[in-house]
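Coordinate-derived values only; no laboratory data. On a predicted model such as this, the values are computed, not experimentally measured, just so you know. Cβ placement follows ideal geometry from the backbone for every residue including glycine, while neighbour counts extend to all protein chains displayed.
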Amino acid sequence: MRRNALLIVLAALSAPVGVVAQPIGTRIVVVQAGQLLDRPGRPARGASTIVIREGRVLEVRDGHIAAAAAGFPEAEVVDLRDRYVLPGLIDSHVHLASDTGGVASQLEEVQLEPAAKAYNALVNAHKTLAAGFTSVRNLGDRDGVTLALRDAVRAGKVVGPNIVDAGTSISTTAGHMDTALGFRDDLRDALDRHDNLCDGPDACRRAVRLQVARGVDLIKIATTGGVNSRIGAGLGRQMFEDEARAIVETARLYGKKVAVHAHGTDGVKLALLAGVDSIEHGTVLDEECIALFVKTGAWYVPTLSTVNGYLERIAADPNAYSPAVRAKVDWRIRVTGESLAQVVPRGVKVAFGTDAGVSKHGRNADEFELMVKYGMTPSQALVAATVSAAELLGLSEEAGTLEPGKRADLIAVTGDPLRDVTVLKRVSFVMKDGVVFRDVRGAGVPQ
Ligand SMILES: [Zn+2]
């Protein structure tokens, strides 16, 4: 199946100009920025010039320097003197293969061929990059769709955000990653074919190794039920301590980080005690959870945008979710955001992550508004989506700031995102690896 998906992604090379990959080459680009936030968390440095060579930042200078004065008379000049320029954004939690939900996603499970999912993943990757997100962490899909896309992007065969990929997520049988939930019993043999369900430590070690064998960058697991799990089994712990420990220990053998889907406090504690790297959602947290975050240095990834996805689907169709799922969706809408408000004053490390797939791809920046609503300053939210997310994804040497040696991944907006984060919803210019992917300045796009 993986090979199949890769072939389909390669077929997308016939896409229109603008989304076809260009070689990075040896060319030099000089970007003149009106304002430059080169290192989020520190003050913006005002009018600046960024010199880019071979897709990486060569130097950053004060003021607007002409190409010849910069020592590169042949350089291409990008005039962003009326824009606010900042590093490409990073979303630590996406699912590029889909953004259907509820009953529609259940149908998709049995209707879509992996090859069709691969096309969808490519389209969603373009939406994500157009929104200014130049790196993402893909936390779970099936059939190796996004793994193949990751490799195609890395090889320069197609344009997309840089992808850090978890392959297929792991849970226990009847857990959040059990594809067969909500289908007839006799369909289990057909649907449960991803080797991602494990019961008992030995099976969990094998499940991790199978993902490692596929070439994943990290391991994603679920220690609790999920809102979208198609049974009414709650959102508490659904994994035993020996299973969680076996997963983390095995991932460590191969130098892989572990990201954990968890809603209830018991599943959060189980994961943090097992030594995981990030808690996704963490919808309910108590004092003990927060103390464990601080003690272990694990990251919290809020995924507040999920609520937007739920509300939009229900508005479009009140029956978008089955009754068992709808009860959990309503609860999640009520309480999401409370955990972020709790952890921010306590100094817990927060990385930006939307769970796009539950919410719509390309709307990732909506998360900034919600992060500020629940207690972060605009600067903290921007740090979460750049410096912090880069650290969580293991990309600190590559992304998160615009410093010499890093990838020339940058975006431009009108207005100051440190005063109003909603300007990040209207990214008018996106450059990845020194190549312009999107430039809609003056194209009638609302500013
Ligand atoms: Zn997710």
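How far is helix 323-335 tilted off the main Cα axis of the chain, in degrees rounded to 10, range 0 to 90?
50
Summing -39500 (n - 2.57) over the DSSP H runs of n ≥ 4 in the chain and dividing by its residue number, what mean residue ellipticity at 222 nm do you reach, to the nearest 500 deg cm²/dmol? Numbers along the way, then the final one.
Numbers: 15 runs with 145 residues, N = 447.
That calculation yields -9500 deg cm²/dmol at 222 nm.
Taking H placed 1.01 Å from N in the peptide plane, check which residues at least 5 places from Lys349 or on another chain put their amide H under 5 Å from its amide H.
Tyr300
Along the Cα→Cβ direction, 7 angstrom out, place labels at Thr377 and Thr422. What is the inter-label distance in nm?
Each label point is offset 7 Å from its Cα along the Cβ direction, giving 2.2 nm.
Between helix 102-111 and the chain, what is the angle of the helix's C-alpha long axis to the longest principal axis, kept within 0 to 90° and rounded to the nearest 10?
Taking the Cα atoms of the chain, the angle to 102-111 is about 90 degrees.
Using alpha carbons only, how many angstrom separate the centre of segment 331-356 from the centre of segment 247-280?
Cα centres, segment 331-356 to segment 247-280: 17 Å.
How about the chain: what cysteines have no other cysteine beta carbon under 4.7 Å from their own?
Cysteines lacking a close Cβ partner in the chain: Cys289.
Longest exposed-loop-site-free stretch of the chain, with GluC sites (Glu not before Pro), DSSP loop and at most 16 other Cβ within 10 Å?
Details: sites that count: Glu54, Glu74, Glu397, Glu398.
Within the chain, the longest run free of exposed GluC sites (Glu not before Pro) spans 75-396.
Please sort by residue number the trypsin sites (Lys or Arg not before Pro) in segment 395-447 whose DSSP state is loop and whose Cβ has at most 15 other Cβ atoms within 10 Å. Walk me through the intermediate numbers first.
Numbers: sites: Lys406, Arg407, Arg419, Lys425, Arg426, Lys432, Arg438, Arg441; in loops: Lys406, Arg419, Arg426, Arg441.
Filter output for segment 395-447: Arg419, Arg441.
Can you give me the distance in nm between label points at Val436 and Arg42, each placed 7 Å from the Cα along the Cα-to-Cβ direction?
2.9
Can you grab the distance from the C-alpha centre of segment 24-71 to the C-alpha centre of segment 396-447, Å, no decimals?
Going from one Cα centre to the other spans 13 Å.
Counting only the backbone N, which residues of segment 160-180 are under 18 Å from the spot 7 Å out from the Cα of Arg206 toward its beta-carbon?
Only 168-175, 178-179 pass the distance filter.
May I ask you to evaluate 6.51 cos²θ - 1.76 cosθ + 1.60, the Karplus curve with θ = phi - 60°, for each residue of segment 217-222 and list the ³J(HN,Hα) values in order in whole Hz, giving x for glycine and proline?
8, 7, 10, 10, 10, 10
Relative to the longest principal axis of the C-alpha atoms of the chain, give the angle of the C-alpha long axis of helix 265-274, reported between 0 and 90° and rounded to the nearest 10°.
70
What full-extension length gain, to one decimal in nm, is calculated for Arg81 and Glu287 as 0.36 nm per residue of separation minus the Cα-Cα distance? List each step's numbers first, then the result.
Numbers: separation 206, 0.36 × 206 = 74.16 nm, distance 4.75 nm.
Contour length minus the Cα-Cα distance gives 69.4 nm.
In segment 225-239, whose amide N lies under 15 Å from the spot 7 Å out along Cα-to-Cβ of Ala174? List them in ranges.
Correct set: 225-226, 229-239.
DSSP beta bridges in the chain, what fraction antiparallel, as a percent rounded to 5? Write down the numbers at each step before the final one.
On the way: 26 of 59 bridges.
DSSP beta bridges in the chain are roughly 45 percent antiparallel.
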